[in-house]
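Heads up, the thing below is written out as structure tokens.
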Amino acid sequence: MTFDLPNPGQPVRDCDRFSRYWACAFMLLMIVSYRLWLPPSWTQASYYPAIPFVALPAWLSDWVSVLLAPILVVMSTIVIVRRGAFSARVAWSCISLALAAGFLTDQHHLQPWAYQTFLYGWMFVLLPTNMRIGAFRILTISIYLFSSLGKFDYQFLHTVGQEFLATGAKFTHLTIDQWSDRRRLIVVAGFPATELLIAILLMLPPTRRLGGCMAIAMHAGLMVLLSPWGMHHSLGVLVWNAVLAGQAYWLFVRRPHSNTDTIEMEAAAYRSPGLVVGGILVLLAVTLPLTERRGRFDRDAWHLDHWLSWALYSPHNSRVDVEVYEGVVNSLPAAMQSAVSEDDDGDSWRKLDLGKLSLASRGVPILPQARYQLQLAIAMAEEFGWTHRIRGVSRSASDRRDGSRTEIWMSGLDEMKDAARGR
């Protein structure tokens, strides 16, 4: 397996242009998901609290929520408009540090594209220019690889994959109603198989451009499937697919620019602490996703979160389902009421759809992690004073072979807190 790391004579202009491309893409993604990056009080979403990774002083969290978006926008603008490696490195350092602060104060900021930008920022800062394109290729290939492996899974093949198939049939006018279950499963398995094939083709220099073209076609197809005329996913998801299609062109399809501005090999750069740290960062980014399936519940064993392991469009993630007592519904904000389902079974309990609430309040999918969703439910219960008027069930990541999950039922706020503490 080889990755054709750029040699010392590769033009510097390619790396500079890709840096600007990603800064533009990041700003665009922030714009379409702006409600996630502003203080909840500014977007009338105070009922949807920030869930920090670690307990921080309230004043610090408040300052981060206010300053985060301006810092990210200003630094991205500097990358785009300023010339010079020093300015770009300083700006990318600030972007990655600001994102780290955002992740610590609100886990919801850990959207896959934000985490990807966090990694890219440090790679722009720590790695010598002539090594960056190779590092970006390695990380991108790992995204396709882990994303595909996460879909060879009972849950994807029987749920989301079937939705992909049905939506695609609608656009192509295929008649799949008469297909057998076995045929449907075989066709659905073609989705992750294609993604895996792309990852393999991108690893090999002779087939790299073909793999890049296939990646662009795959993202274009996903944009159609997930569009308002298809599965109606959020705008951020559509834009990220467009960004990844552009990235595939930059990294794998586009031929290197030919000019006289070349990178000078500096032996000192290869001995610098920055190169060592950057290399470790890339190594961790492409190996830690292997730990995603270690624990059925978040507390059972240390493992990387589902999204950070590139488990994309894969419903095997851990999750929490929440119900609230019918008597509290009318007192909720309108956006929360829209996320509450009807009482179909007549037991006076109604489901509060946290995923739907996330889209309505923050404009992005909810973090697919039981840890986060349980902490969010607890924070809401404390905010509204629900002691015995909330209940839920925490479900582990599903078994790859049969889709089964381990469940913890929680009746009331105290039991939810006990579950969050791992009791």
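How do the pairs read when you match residues in segment 384-397 that are under 16 Å from Asp347 (Cα atoms) and touching a residue at least 40 places away in the same chain (Cβ under 8 Å) with residues anywhere that are among the hydroxyl-bearing types (Ser, Thr, Tyr) and not in a helix (DSSP H, G or I), using Cβ under 7 Å and keeping only pairs 6 or more apart or on different chains?
That search, which allows pairs on different chains as well, returns Arg389/Tyr325; Arg391/Ser411.
Counting just the residues of segment 30-42 that are in contact (Cβ under 8 Å) with a residue 60 or more places away in the chain and among the hydroxyl-bearing types (Ser, Thr, Tyr), which one comes out most open to solvent (accessible area, probe 1.4 Å)?
Step by step, filter segment 30-42, then rank; the result is Tyr34.
Given (1) among the hydrophobic types (A, V, I, L, M, F, W, C); (2) open to solvent by less than 40 Å² (accessible area, probe 1.4 Å); (3) out of contact with any Gly (no Cβ under 8 Å at 6 or more places or on another chain); (4) modelled with pLDDT of 85 or more, where does Cys15 come up short, assuming only one miss?
The single condition Cys15 does not satisfy is (4).
Go through segment 50-73 and count every residue that is in a helix (DSSP H, G or I) and open to solvent by 50 Å² or more (accessible area, probe 1.4 Å).
10
With the condition kept exactly as written, say whether any residue in segment 301-312 is within 21 Å of the chain's Cα centre (by Cα), farther than 25 Å from Met231 by Cα and open to solvent by 60 Å² or more (accessible area, probe 1.4 Å).
Looking through segment 301-312, at least one residue is within 21 Å of the chain's Cα centre (by Cα), farther than 25 Å from Met231 by Cα and open to solvent by 60 Å² or more (accessible area, probe 1.4 Å).
Give just the number: which of (1) closer than 17 Å to Leu28 by Cβ; (2) touching a His at 6+ places or on another chain (Cβ under 6 Å) does Phe103 not satisfy?
Here Phe103 meets the rest and fails (1).
Would you mention how many residues in segment 165-191 are open to solvent by less than 20 Å² (accessible area, probe 1.4 Å) and under 20 Å from Arg401 (Cα atoms)?
Of the residues in segment 165-191, 1 are open to solvent by less than 20 Å² (accessible area, probe 1.4 Å) and under 20 Å from Arg401 (Cα atoms).
Got a sec? Which of Thr175, Thr207 is polar (S, T, N, Q), more than 23 Å from the chain's Cα centre (by Cα) and at pLDDT 95 or above?
Step by step, each of Thr175, Thr207 is checked, and only Thr207 is polar (S, T, N, Q), more than 23 Å from the chain's Cα centre (by Cα) and at pLDDT 95 or above.
In segment 313-331, what residues are open to solvent by 20 Å² or more (accessible area, probe 1.4 Å), touching a Gly at 6+ places or on another chain (Cβ under 8 Å) and farther than 18 Å from Ala420 by Cβ?
Result: no residue meets the conditions.
Here is a list: Ser148, Ser76, Ser96. Which entry is part of a helix (DSSP H, G or I), over 30 Å from Ser46 (Cα atoms) and either open to solvent by less than 30 Å² (accessible area, probe 1.4 Å) or touching a Lys or Arg at 6+ places or on another chain (Cβ under 9 Å) (or both)?
Result of the check over Ser148, Ser76, Ser96: Ser148.
Just for segment 16-38: of the residues that are of a type in the set (Phe, Trp, Tyr) and touching a Phe, Trp or Tyr at 6+ places or on another chain (Cβ under 8 Å), which one is nearest to Leu127 (Cα to Cα)?
Looking at residues that are of a type in the set (Phe, Trp, Tyr) and touching a Phe, Trp or Tyr at 6+ places or on another chain (Cβ under 8 Å), I get Phe18.
To keep it simple, each residue is scored yes or no on (1) touching a residue at least 24 places away in the same chain (Cβ under 8 Å); (2) of a type in the set (Phe, Trp, Tyr); (3) out of contact with any Ser or Thr (no Cβ under 7 Å at 6 or more places or on another chain).
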residue: Thr140; (1), (2), (3): yes, no, yes
residue: Tyr144; (1), (2), (3): yes, yes, yes
residue: Phe156; (1), (2), (3): yes, yes, no
residue: Gln162; (1), (2), (3): yes, no, yes
residue: His173; (1), (2), (3): no, no, yes
residue: Arg182; (1), (2), (3): no, no, yes
residue: Glu195; (1), (2), (3): yes, no, no
residue: Leu202; (1), (2), (3): yes, no, yes
residue: Arg209; (1), (2), (3): yes, no, yes
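Give segment 343-380 a look and list any residue that's without any contact (Cβ under 8 Å) to a residue 24 or more places away in the chain, part of a helix (DSSP H, G or I) and either under 22 Å from Asn330 (Cβ atoms) or among the hydrophobic types (A, V, I, L, M, F, W, C) (or both), or say none.
Selection gives Lys356 alone.
The values are calculated or read from the model by the stated rules, or taken from the named source; none is laboratory data. Keep in mind that what you see is a predicted model, and the values were worked out from it rather than measured. For neighbour counting, all protein chains shown are included, and Cβ atoms are generated from backbone atoms with ideal geometry for every residue, glycine included. Keep in mind that these areas ignore ligands, DNA and RNA; they rest on the heavy atoms of the full protein, side chains included. Shrake-Rupley method; radii C 1.70, N 1.55, O 1.52, S 1.80 Å.
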